[in-house]
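Asks: Starting off with a structure, shown below.
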Amino acid sequence: MVIAVVGIAALGLLGAAHWYVWRRLVRDVSTPRSRYRRAGTVLVVLLPVLSLLALVGGRAFPLAVERWFAWPGYLWLAVLLYLLLALLVGEVLRPLLLRLPRRTSRDRADPSAAEELAVEPSDEPAVEDVAVADSASRRLFVSRVVAGAAAGVAVGVVGNGAYGVLRGPQVKRVTVPLAKLPRAAHGYRIAVVSDIHLGPILGRAHTRRIVDTVNATQPDLIAVVGDLVDGTVPELGPAARPLADLRARDGAYFVTGNHEYFSGAAPWVDFVRELGVHPLENARVELPWFDLAGINDIAGTSQGQGPDYERALGDRDRGRAAVLMAHQPVTVHDSVRHGVDLQLSGHTHGGQLWPGNYLAELANPTVAGLERYGDTQLYVTRGAGAWGPPVRVGAPSDITVVTLASLQA
């Protein structure tokens, strides 16, 4: 019942947003029977349909069919967001633009000629009629200026954000001091990769860019912290296969994210193992200089596969440093209780689309970057891909090289 109410409310909000966009970008800038109005009306009806099909496509259509909806549908959602924001700014500017002084042909005429015209009979329309026509002309002009500027800003912002995603993530470097890390491990490098989100838009080429970028950093260890895919192994296995080429001295490790449980986590765990990436399902590996542990994502709880700190960390030597891979930052409070020194997470995308970062802050203790909670440090990467629209605004994608520093060095 609650889901139905939320769904109806969401559809109502989506409909209201499209009506507003139609009014400002189509109705207010065109005549009733113009080709522009007919074409604009068709698009305002068609685009939200494509967006809805993109959102439900993975559950209703094969991946090959879903791609046809995903590209235009998801991109339109991003454009819609920035159209609305730009048009709302336009609402503030509109009254100011309408009040700007405007010189008419009468103002520019010779004053003496104006006096003569004032006393001689004329067939020109009445002053009131001219004023009404002038006001209507000005409103149309301002509406077209605001609409054009809003459309230009939205397309420009989304285009730049899409280029950033499709170009691939950039390398970010962070140094994290750990009190328990021995001197011999000073400078140990972990490449942190999260939220790759292979699916109907991001595929094998995206994986290859990520693998090449990670390998170029020459890390000692690679941590893939969840949300690798949005689909099943039969559909997306070929897209994920370049992960077999990941190279690090101490290997590559993987933990599940919430999206793995939407797609079937167990088959993906088996598949990444075949690729040579080691899954950590509530498990721990004792490396020479510290313990590396991983927990399942919270989304696995409903399937009896949730996080289990006791299995992963319960019997370890607390005199050794512990690095934990956990997809969602919200688990950091459990990490504090279990003596974790550093938690590596993703999930938030840094908000992905500004001002989404403010919403992400409501649900996550840290949205991006490094913060301390008690004796535990939490690092959250913005992720290497994108969910939904292949667009990032104000939250560029990254692969982070975390360099561990020993306080004894």
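The values are calculated or read from the model by the stated rules, or taken from the named source; none is laboratory data. This is a predicted model, so every value here is computed, not measured. Glycine gets a Cβ as well: all are built from the backbone with ideal geometry, and neighbour counts include every protein chain shown.
Residue-wise test of (1) of a type outside the set (Phe, Trp, Tyr); (2) closer than 21 Å to VAL176 by Cβ; (3) in the same structural domain as ILE222 (by TED's automatic domain parsing); (4) at pLDDT below 95.
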{"residue": "PHE290", "(1), (2), (3), (4)": "no, yes, yes, no"}
{"residue": "ILE298", "(1), (2), (3), (4)": "yes, no, yes, no"}
{"residue": "GLN305", "(1), (2), (3), (4)": "yes, no, yes, yes"}
{"residue": "LEU324", "(1), (2), (3), (4)": "yes, yes, yes, no"}
{"residue": "GLN343", "(1), (2), (3), (4)": "yes, yes, yes, no"}
{"residue": "LEU353", "(1), (2), (3), (4)": "yes, no, yes, no"}
{"residue": "ALA368", "(1), (2), (3), (4)": "yes, yes, yes, no"}
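Asks: Filter segment 54-75 down to the residues that are more than 14 Å from the chain's Cα centre (by Cα) and surrounded by 19 or more Cβ atoms within 10 Å (Cβ to Cβ), then identify the one that is modelled with the lowest pLDDT.
Replies: We begin by selecting, within segment 54-75, every residue more than 14 Å from the chain's Cα centre (by Cα); these are 54-73.
Those left that are additionally surrounded by 19 or more Cβ atoms within 10 Å (Cβ to Cβ): 54, 57-58, 63, 66, 69-70, 73.
Details: ALA54: 91, GLY57: 78, GLY58: 69, LEU63: 86, GLU66: 90, PHE69: 91, ALA70: 94, GLY73: 96.
Ranking the qualifying residues of segment 54-75, first place goes to GLY58.
Asks: Keeping to segment 286-299, report how many residues are within 33 Å of the chain's Cα centre (by Cα) and assigned to a strand (DSSP E or B).
Replies: Residues in segment 286-299 being within 33 Å of the chain's Cα centre (by Cα) and assigned to a strand (DSSP E or B): 4 in total.
Asks: Between LEU11, LEU46, which is within 20 Å of LEU84 (Cβ to Cβ), modelled with pLDDT under 95 and in the same structural domain as VAL158 (by TED's automatic domain parsing)? Please lay out each step first, then the result.
Replies: Numbers: LEU46 fails: modelled with pLDDT under 95.
It is LEU11.
Asks: In segment 338-373, which residue that is polar (S, T, N, Q) and outside any helix (DSSP H, G or I) is farthest from GLU310 (Cα to Cα)? Outline the logic, then answer.
Replies: Of the residues in segment 338-373, the ones polar (S, T, N, Q) are 343, 345, 348, 352, 357, 364, 366.
Of the ones still in play, those that are also outside any helix (DSSP H, G or I) are 343, 345, 348, 352, 364, 366.
Working: GLN343: 16, SER345: 19, THR348: 26, GLN352: 33, ASN364: 23, THR366: 24 Å.
This residue is GLN352.
Asks: Under 6 Å by Cβ, and 6 or more places apart or on different chains, what pairs join a residue from segment 389-409 that is in a strand (DSSP E or B) with one that is charged (D, E, K, R)?
Replies: ASP398/LYS172; ASP398/ARG382; THR400/LYS172; VAL401/ARG173; VAL401/ARG189; THR403/ARG189; SER406/ARG183
Asks: Within segment 294-327, track down each residue that is of a type outside the set (Asp, Glu), in contact (Cβ under 8 Å) with a residue 24 or more places away in the chain and in contact with a Gly (Cβ under 8 Å, 6 or more places away or on another chain).
Replies: Of everything in segment 294-327, those that are of a type outside the set (Asp, Glu), in contact (Cβ under 8 Å) with a residue 24 or more places away in the chain and in contact with a Gly (Cβ under 8 Å, 6 or more places away or on another chain) turn out to be ASN296, ILE298, ALA299, GLY300, PRO307, ALA312, LEU313, ALA322, LEU324, MET325, ALA326, HIS327.
Asks: Now for a different question. Any residue in segment 226-234 that is surrounded by 15 or more Cβ atoms within 10 Å (Cβ to Cβ), within 21 Å of the chain's Cα centre (by Cα) and either part of a strand (DSSP E or B) or free of Cβ contacts under 8 Å to residues at least 40 places away in the same chain (or both)?
Replies: Within segment 226-234, one or more residues are surrounded by 15 or more Cβ atoms within 10 Å (Cβ to Cβ), within 21 Å of the chain's Cα centre (by Cα) and either part of a strand (DSSP E or B) or free of Cβ contacts under 8 Å to residues at least 40 places away in the same chain (or both).
Asks: Right, something else. Quick test for you: out of ALA184, ALA136, pick the one residue that is in contact with a Phe, Trp or Tyr (Cβ under 7 Å, 6 or more places away or on another chain) and farther than 19 Å from LEU83 by Cβ. Explain how you work it out, then say what you get.
Replies: Values: ALA136 fails: in contact with a Phe, Trp or Tyr (Cβ under 7 Å, 6 or more places away or on another chain).
Of ALA184, ALA136, the one residue that is in contact with a Phe, Trp or Tyr (Cβ under 7 Å, 6 or more places away or on another chain) and farther than 19 Å from LEU83 by Cβ is ALA184.
Asks: If we scan segment 172-188, do we find a residue that is buried (at least 24 other Cβ atoms within 10 Å of the Cβ), among the hydrophobic types (A, V, I, L, M, F, W, C), under 23 Å from LEU404 (Cβ atoms) and over 24 Å from the mean Cα position of the chain (by Cα)?
Replies: yes
Asks: Quick check: anything in segment 245-256 in contact (Cβ under 8 Å) with a residue 12 or more places away in the chain, more than 25 Å from ASP291 (Cα to Cα) and either in a loop (DSSP other than H, G, I, E, B) or in the same structural domain as HIS186 (by TED's automatic domain parsing) (or both)? Spell out how you get there, then give the answer.
Replies: Here is the first cut: in segment 245-256, the ones in contact (Cβ under 8 Å) with a residue 12 or more places away in the chain are 245-256.
Those still in the list that are more than 25 Å from ASP291 (Cα to Cα) too: none.
Checking segment 245-256: not a single residue is in contact (Cβ under 8 Å) with a residue 12 or more places away in the chain, more than 25 Å from ASP291 (Cα to Cα) and either in a loop (DSSP other than H, G, I, E, B) or in the same structural domain as HIS186 (by TED's automatic domain parsing) (or both).
Asks: Does PHE262 qualify as being under 23 Å from the mean Cα position of the chain (by Cα), assigned by TED's automatic domain parsing to the domain that holds VAL332 and among the aromatic types (Phe, Trp, Tyr)? First the steps, then the outcome.
Replies: Working: under 23 Å from the mean Cα position of the chain (by Cα): yes; assigned by TED's automatic domain parsing to the domain that holds VAL332: yes; among the aromatic types (Phe, Trp, Tyr): yes.
So PHE262 fits the description; yes.
Asks: What residue, among those in segment 328-365 that are closer than 15 Å to VAL255 by Cα and touching a residue at least 60 places away in the same chain (Cβ under 8 Å), is surrounded by the fewest Cβ atoms within 10 Å (Cβ to Cβ)? It would help to see each step written out before you state the result.
Replies: Let us first name the residues in segment 328-365 that are closer than 15 Å to VAL255 by Cα, namely 328-329, 331, 343-347.
Imposing the further condition that a residue be touching a residue at least 60 places away in the same chain (Cβ under 8 Å) reduces the set to 328, 344-347.
Values: GLN328: 24, LEU344: 27, SER345: 28, GLY346: 31, HIS347: 27.
Within segment 328-365, the match that is surrounded by the fewest Cβ atoms within 10 Å (Cβ to Cβ) is GLN328.
Asks: Output the number of residues of segment 300-337 satisfying the condition of being touching a helix residue (DSSP H, G or I) at 6+ places or on another chain (Cβ under 9 Å) and either of a type in the set (Lys, Arg) or in a strand (DSSP E or B) (or both).
Replies: 3
Asks: On to the next question. Got at least one residue in segment 23-37 being in contact (Cβ under 8 Å) with a residue 12 or more places away in the chain, surrounded by 14 or more Cβ atoms within 10 Å (Cβ to Cβ), in a loop (DSSP other than H, G, I, E, B) and of a type outside the set (D, E, K, R)?
Replies: yes
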